[in-house]
Every structure is written in C-alpha cells, then in structure tokens.
Amino acid sequence: MRLRLKKFDGNPILSPVHCSYWESGQVRNPAAILHEGKVHMLYTARAEKEHGYIHLGHAVSTDGFHFERVSEHPAVSPSIREFGGFDAGAVEDARAVKIDDTYYITYVGRSVPWDAFHVRGVRRDDVPDTGGTWTENWRRGGLITSKDMVTFEKKGPITPEDRFDANLTLFPEKIGGKFVLLHRPSAGVPSKDDKQPGIAIAFSDDLVNWENDQGLAGPKFAWENAKIGGSNPPIKTDEGWLTLYHAVERGPVPGTEKRYQIYRIGVMLLDLEDPTKVLARASDYILEPTDGWERVGSVNNVVFPNGGVVLDDELFVYYGGADVVCCVATAKMKDLLDYVLQFRE
C-alpha cells in the first residue's frame with residue numbers, strides 16, 4: 001500500500017506580501033493549532049530586501065484552508081533586549097501545542113541574521129566569547145507561551161548555548177509527569193546509531209533543564225540519506241503517537257559537478273507510554289515537492305511541515321514550499337495509521 005497526502009488545489013494558502021517591511025520575501029514553515037474552533041498559524045517570515053531578520057506572523061482560518069492575516073505587523077520579532085538577544089537575528093520555525101490551559105510555542109533563534117553573519121561578516125560585540133550559539137551563530141531553541149493566541153510572551157532559551165539545535169517539537173501532553181521534546185541536534189548530543197543529524201528526544205520538569213536526552217531516529221532510507229528532523233507535534237492515537245518528520249536526500253547530478261537536494265515528509269509511530277520506542281516507520285515518504293512553488297524558491301525542492309491539526313478525523317498538514325510560501329495537504333487519520341502500521345519494527 002502506498003500513501004500520499006492530498007495537496008490542496010488552492011495552494012499556496014499564504015504568500016509573501018509585496019512591499020511589506022517584514023514578509024515580502026518569505027512566508028513559510030507554519031505552526032498550526034486549534035483555538036476556539038479556528039485554525040491559528042504562526043508562520044516564519046522575512047522581507048525581500050533587508051538584512052535577513054526573521055519574524056513570526058499570525059493568520060487564522062475557519063475551515064483549515066483559507067487564511068486571513070491577523071495583523072499587518074509580526075506577532076513575534078527578534079529582540080536584542082530580551083534574554084541577551086539570543087534570538088536577535090531570527091525567530092523562526094515555530095511549533096505549537098496546548099497543555100492544560102497554556103499554549104506552548106517552540107521556535108529557533110539566532111543571535112545574528114544568517115546572511116549578515118555568514119555573508120557579510122557581521123558580529124555582535126556584546127555576546128559571550130564561549131558557546132557556539134554566540135560564537136558560531138548556531139541555532140538555539142526558544143519558548144513562547146500564550147493563553148489566548150492573541151498575546152505572546154517569550155520565555156527565553158530552552159536549549160544550551162553550546163548546542164546547534166533545531167526542529168524543536170513538544171508533545172501535546174506530559175508523559176510520566178514530564179514534558180517531552182523532539183529536537184534535531186547537529187552538535188552537542190549523540191544521535192541514534194551515531195548518525196547525525198537525526199531526531200533526538202528529551203524529558204523535562206520545567207522546559208529548561210532536560211534529562212535522558214537520547215537519539216530517537218536517524219537517516220535510514222535512501223530518500224533521507226542526508227538528515228531527518230521532527231515536523232508537526234506528535235498526535236495521540238489508540239495505536240501510538242503518530243509522528244511526521246522531514247527528511248533530506250542529497251546526491252550528485254549525473255554528468256555535472258552539481259549536487260541535488262530534496263526535502264520530503266515521512267511518518268512513524270511512537271509508543272504511547274514510552275515515546276523513545278519507535279513502533280513503526282514507513283519506508284516510503286508521504287509527500288514530496290512536485291508543484292512549482294515547492295520546487296523553485298529560496299531553497300529549491302522543499303516541503304517542510306511544522307503544523308498539523310485534526311478536523312473531523314482528517315489530518316491537515318501545514319508546510320512550507322521552497323522556503324517561500326505556506327501550503328496544506330490532508331489525509332484521513334485512519335488511512336495514515338493503517339499505512340504506517342504496515343511497517344512495524
């Protein structure tokens with residue numbers, strides 16, 4: 001049995017805004033969560049002609065397909081005044097869950113915009129002289145909370161300053177009394193079978209201090225030979241935690257000195273009580289870039305999921321296309337579970 005998510009005929013559902021001071025170049029990688037019967041997206045955005053500062057925008061939908069922006073201004077922006085400015089260059093790639101009465105939004109930040117640091121050699125003179133997130137401008141995980149999906153409060157960094165980390169994804173409930181986090185370290189902690197970068201899992205009482213940090217899954221199949229990372233937060237089912245992830249394939253272009261790169265989406269199932277156990281993992285991907293806005297953009301050949309909501313037993317997967325636009329694809333929950341359960345480990 002082969003399964004593919006069904007792409008919405010109206011994609012892309014959100015695109016850059018011409019002449020915007022903050023979202024004229026990219027609108028991508030949206031978190032998504034239900035609040036008061038509506039789907040809320042927190043999407044990554046940057047301007048076309050500025051110094052690379054990356055923000056989070058906010059859009060809302062009543063049907064999961066058609067979205068309206070909440071404001072002409074960012075919902076969350078980089079800040080040099082908060083927490084030492086660990087995210088003064090970028091606030092991006094959010095994921096959102098609700099635990100009890102609080103929305104927890106994980107993201108990654110950089111102290112300096114990527115292109116300013118790596119292309120123009122910009123450095124800050126007020127940062128510590130140790131720790132890769134400062135000295136090498138590595139990504140560092142951060143946390144935002146909200147009670148109403150209207151106001152958002154930064155809580156500061158939640159991963160160490162000497163770790164290059166990304167794809168931070170909380171489970172939507174505590175397990176064994178602890179918060180559970182999926183993340184994708186590129187340096188600072190072992191990955192499964194010593195393959196990096198892969199998906200790691202960690203546990204915490206306070207969302208700051210993490211324990212039992214260990215590799216969960218690494219690259220396994222040909223279409224994910226370069227790296228894998230978490231996507232939207234895991235979804236609780238009777239069979240286990242339904243967990244989507246992104247995977248990158250890289251290789252040479254025949255007859256040239258160039259190399260190709262393709263981002264796709266895979267699916268696995270984790271144990272409900274012990275999510276360090278992978279119960280099943282499909283050997284084939286469930287989504288790949290085929291449309292023009294997924295194949296050509298800031299980064300070509302990319303489908304990158306950050307958000308997922310279930311509406312009437314159908315999973316809506318929200319993803320970025322080629323690092324420029326936001327898109328959505330769907331599948332029946334039963335079909336996804338039946339599919340992944342074919343690949344029990």
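The values are calculated or read from the model by the stated rules, or taken from the named source; none is laboratory data. Everything numeric in this text was worked out from a predicted model, so none of it was measured. For neighbour counting, all protein chains shown are included, and Cβ atoms are generated from backbone atoms with ideal geometry for every residue, glycine included.
Mind listing just one residue for me: the one in the stretch 161-171 that is over 17 Å from the mean Cα position of the chain (by Cα) and surrounded by 19 or more Cβ atoms within 10 Å (Cβ to Cβ) and, of those, modelled with the highest pLDDT?
Residues of the stretch 161-171 that are over 17 Å from the mean Cα position of the chain (by Cα), as a first pass: 161-163.
Next cut, surrounded by 19 or more Cβ atoms within 10 Å (Cβ to Cβ) only: 161, 163.
Working: 161: 95, 163: 92.
That would be 161.
Answer yes or no: is there a residue in the stretch 244-260 that is closer than 21 Å to residue 7 by Cβ and among the basic types (Lys, Arg).
no
Here is a yes/no grid of residues against (1) touching a residue at least 24 places away in the same chain (Cβ under 8 Å); (2) under 19 Å from residue 202 (Cα atoms); (3) within 14 Å of the chain's Cα centre (by Cα):
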{"site": "89", "(1), (2), (3)": "yes, no, no"}
{"site": "94", "(1), (2), (3)": "yes, yes, yes"}
{"site": "102", "(1), (2), (3)": "yes, no, no"}
{"site": "110", "(1), (2), (3)": "yes, no, no"}
{"site": "114", "(1), (2), (3)": "yes, no, no"}
{"site": "121", "(1), (2), (3)": "no, no, no"}
{"site": "135", "(1), (2), (3)": "no, no, no"}
{"site": "157", "(1), (2), (3)": "yes, yes, no"}
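Going through the stretch 303-339 one residue at a time, which ones are without any contact (Cβ under 8 Å) to a residue 24 or more places away in the chain and on the phi > 0 side of the Ramachandran plot? First the steps, then the outcome.
As a first pass, look at the stretch 303-339 and keep what is without any contact (Cβ under 8 Å) to a residue 24 or more places away in the chain: 312-314, 332, 334.
Answer for the stretch 303-339, where residues must be without any contact (Cβ under 8 Å) to a residue 24 or more places away in the chain and on the phi > 0 side of the Ramachandran plot: 312, 313.
Go through the stretch 282-299 and report how many residues are more than 13 Å from residue 325 (Cβ to Cβ) and either part of a loop (DSSP other than H, G, I, E, B) or among the basic types (Lys, Arg) (or both). Outline the logic, then answer.
Going through the stretch 282-299, the residues more than 13 Å from residue 325 (Cβ to Cβ) turn out to be 282-288, 290.
Imposing the further condition that a residue be either part of a loop (DSSP other than H, G, I, E, B) or among the basic types (Lys, Arg) (or both) reduces the set to 282-286, 288, 290.
Within the stretch 282-299, residues that are more than 13 Å from residue 325 (Cβ to Cβ) and either part of a loop (DSSP other than H, G, I, E, B) or among the basic types (Lys, Arg) (or both) number 7.
Within the stretch 107-149, restricting attention to residues that are over 23 Å from residue 95 (Cβ atoms) and of a type in the set (Phe, Trp, Tyr), which residue is surrounded by the most Cβ atoms within 10 Å (Cβ to Cβ)?
134
Being touching a residue at least 40 places away in the same chain (Cβ under 8 Å) and surrounded by fewer than 22 Cβ atoms within 10 Å (Cβ to Cβ) is the filter here; which residues of the stretch 213-240 pass it?
Answer for the stretch 213-240, where residues must be touching a residue at least 40 places away in the same chain (Cβ under 8 Å) and surrounded by fewer than 22 Cβ atoms within 10 Å (Cβ to Cβ): 214, 220, 221, 223, 235, 236, 237, 239.
Would you tally the residues in the stretch 207-248 being under 15 Å from residue 285 (Cα atoms), of a type in the set (Phe, Trp, Tyr) and in a strand (DSSP E or B)?
1
Could you list all residues from the stretch 80-103 that are closer than 22 Å to residue 245 by Cβ, surrounded by fewer than 22 Cβ atoms within 10 Å (Cβ to Cβ) and not β-branched (Val, Ile, Thr)?
Answer for the stretch 80-103, where residues must be closer than 22 Å to residue 245 by Cβ, surrounded by fewer than 22 Cβ atoms within 10 Å (Cβ to Cβ) and not β-branched (Val, Ile, Thr): just 98.
Check residue 305 against each of (1) assigned to a strand (DSSP E or B); (2) more than 22 Å from residue 93 (Cα to Cα) and name the one condition it does not meet.
(2)
Could you look through the stretch 67-87, keep only residues that are aliphatic (A, V, I, L, M) and over 17 Å from the mean Cα position of the chain (by Cα), and pick out the one that is farthest from residue 307 (Cα to Cα)? Don't jump to the end; show me each part of the working.
Filtering the stretch 67-87 down to residues aliphatic (A, V, I, L, M) leaves 70, 75-76, 80.
With over 17 Å from the mean Cα position of the chain (by Cα) added as a condition, the list becomes 70, 75, 80.
Numbers: 70: 18, 75: 17, 80: 27 Å.
Here the residue is 80.
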